[in-house]
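Student: Below: one structure in structure tokens.
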Protein chains: 2
Amino acid sequence: MTTIHIPAREGRAFRVAAGQSFRVIDPEGAQVADLFAFVADDTTEWLSAEHTRVAIGRLFPRVGEGWCTNLRRPILTFVADHSPGVHDMLCAACSPSRYQLLGAEGHHASCEENLQLAMSEFGHEDIEIPQPVNIFEANPILANGDIGIETAPTKAGDSVTLRAELDAIVVVTACPQDLTPLCGGTPSAIDIELL
Amino acid sequence: MTTIHIPAREGRAFRVAAGQSFRVIDPEGAQVADLFAFVADDTTEWLSAEHTRVAIGRLFPRVGEGWCTNLRRPILTFVADHSPGVHDMLCAACSPSRYQLLGAEGHHASCEENLQLAMSEFGHEDIEIPQPVNIFEANPILANGDIGIETAPTKAGDSVTLRAELDAIVVVTACPQDLTPLCGGTPSAIDIELL
């Protein structure tokens, strides 16, 4: 079994073959993992939150459901959830403009830049920036329709398991968000286990 | 005042200057208008539902709010609403794959192809396909978290007014969806008034 350690505030890309499963683990707790996936031999086809919402008819994902691409093909199946079951499919990845608007001074690591760097190391310099599925991210819908921002409810060792339905390049980033409560104020690492 | 008539199942692109307003009108009622917007001099910057949800902190838009781009700059402001106020910011545009999955035989017009055709007529052959803002589209969130599909509640003549905050190319498509209740089973036209 291969383990990929993603240090706090960084991202990593890895290949998975159709049928292969992997776990996304929060080793310390209260950490969000932004997840992107691209079809291995055509990166213009990618995991799409907006097409997945239509496919599953829900705001948030549940075990047993397929997550689909912008061509509506299942690319990942949500196989198991050993966490409180809170994941986001509504919010864009954090990006330089997000941190600028939040008042950060100078450069701030972001999931968008982590994605671009990880994909460029796989030879893909010029990709679209899909909306990720934000594993462990708590954005509850409040009674008045507002989208809340809460700290990820994960404990150390919580995980989700996903199975690839297509040969894919998956990117996971350990979200560097430290200016909202999402990661409890202290971004930490994420581990991947290729099963 | 210029009026642009968008026949049922078709789309049109038009330019608006920063500061210019336009109305999106449902002339017959029960019709959805998928709306896209691109920065006029750089079409890699576009109206982004996923960034707008973060910016407004809500699932659905309200009058007075700005809709922003993938660089989090306001591109349109939602100025006035003369409709029941139901608009969607959750669902991908209908596309060939959507109609295939719904069982359509042969070619079926779609908002995605309408967008591509309208933009190609403006010289932009190779654009990203953003998730649109679906004006008048009723996708209520049900108590169990499911996303409903209902018929647009508009009456003939209902409209929304938007103001451009950047020079933009806007694309509106009269959604050809006739295999779900969205447009009441009979897609009809949309009119645009440039103010």
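Student: Roughly how large is the B-A contact in terms of buried accessible area, totalled over both chains, probe 1.4 Å, nearest 100 Å²? Don't skip to the end; give the middle numbers.
Tutor: On the way: alone 8530 and 8510 Å², together 14720 Å².
Answer for the B-A pair: about 2300 Å² buried.
Student: Also, I was wondering about something else. Where Lys and Arg each count +1 and Asp and Glu each count -1, what net charge lies around A:Ala168 among other residues with Cβ under 12 Å from its Cβ? Each step should come with its number before you reach the end.
Tutor: On the way: positive: A:Arg15, A:Arg73, A:Arg163; negative: A:Asp41, A:Asp42, A:Glu45, A:Glu165, A:Asp167.
Computed value for this residue: -2.
Student: Could you state the accessible area per residue of chain B in Å², with a 1.4 Å probe and every protein chain left in place? Don't jump to the answer; show the numbers that get you there.
Tutor: Working: 7360 Å² over 195 residues.
I get 38 Å² per residue for chain B.
Student: Under the convention of a label 7 Å out along Cα→Cβ, give the distances in nm from B:Gly123 to the same position in every other copy, shortest first.
Tutor: For B:Gly123, the other copies' label points sit at 3.5 nm, shortest first.
Student: What net charge do the residues around A:Gly157 carry, taking every other residue with its C-beta under 14 Å from that of A:Gly157, with Lys and Arg at +1 and Asp and Glu at -1? Each step should come with its number before you reach the end.
Tutor: On the way: positive: A:Arg23, A:Lys155; negative: A:Asp26, A:Glu28, A:Asp81, A:Asp158, A:Asp191, A:Glu193.
Around A:Gly157, the surrounding residues sum to -4.
Student: Are there residues in segment A:27-61 whose accessible area shrinks by at least 40 Å² when all protein chains are included rather than the chain by itself, and which are they (probe 1.4 Å, ligands and nucleic acids not counted)?
Tutor: A:Glu50, A:Arg53, A:Val54, A:Gly57, A:Arg58, A:Leu59
Student: What's the carbon and sulfur percent of segment A:84-132's accessible surface, probe 1.4 angstrom, rounded to a whole number?
Tutor: Details: 1060 of 2270 Å².
On segment A:84-132, the fraction of accessible area on carbon and sulfur atoms equals 47 percent.
Student: Sticking with this structure for a sec: Along Cα-to-Cβ, 7 Å out, sits the label point; list in nm, shortest first, how far the one on A:Gln100 is from those in the other copies.
Tutor: Its label point is 3.9 nm from the equivalent points in the other copies.
Student: Could you compute Rg(Cα) / (2.2 N^0.38 Å) for the protein assembly as shown, with N its residue count?
Tutor: Cα-based Rg divided by the globular estimate yields 0.96.
Student: Would you mind counting up the charge near B:Ala8? Only other residues with Cβ under 11 Å from its Cβ, with Lys and Arg at +1 and Asp and Glu at -1. Each step should come with its number before you reach the end.
Tutor: Numbers: positive: B:Arg9; negative: B:Glu10, B:Glu28, B:Asp178.
Local charge sum for B:Ala8: -2.
Student: I've got another one for you. With runs of 4+ DSSP H residues as the only contributors, calculate the mean residue ellipticity of chain A at 222 nm using -39,500 (n - 2.57) per run, divided by the residue total and rounded to the nearest 500. All intermediate terms of the calculation are to be shown ahead of the outcome.
Tutor: Values: 3 runs with 25 residues, N = 195.
That calculation yields -3500 deg cm²/dmol at 222 nm.
The values are calculated or read from the model by the stated rules, or taken from the named source; none is laboratory data. Bear in mind the structure is a predicted one, so any value in this text is a computation, not a measurement. Cβ coordinates were reconstructed from backbone atoms using ideal geometry, including for glycine residues, and neighbour counts include every protein chain displayed. With ligands, DNA and RNA removed, areas are computed over all heavy atoms of the protein, side chains included. Shrake-Rupley method; radii C 1.70, N 1.55, O 1.52, S 1.80 Å.
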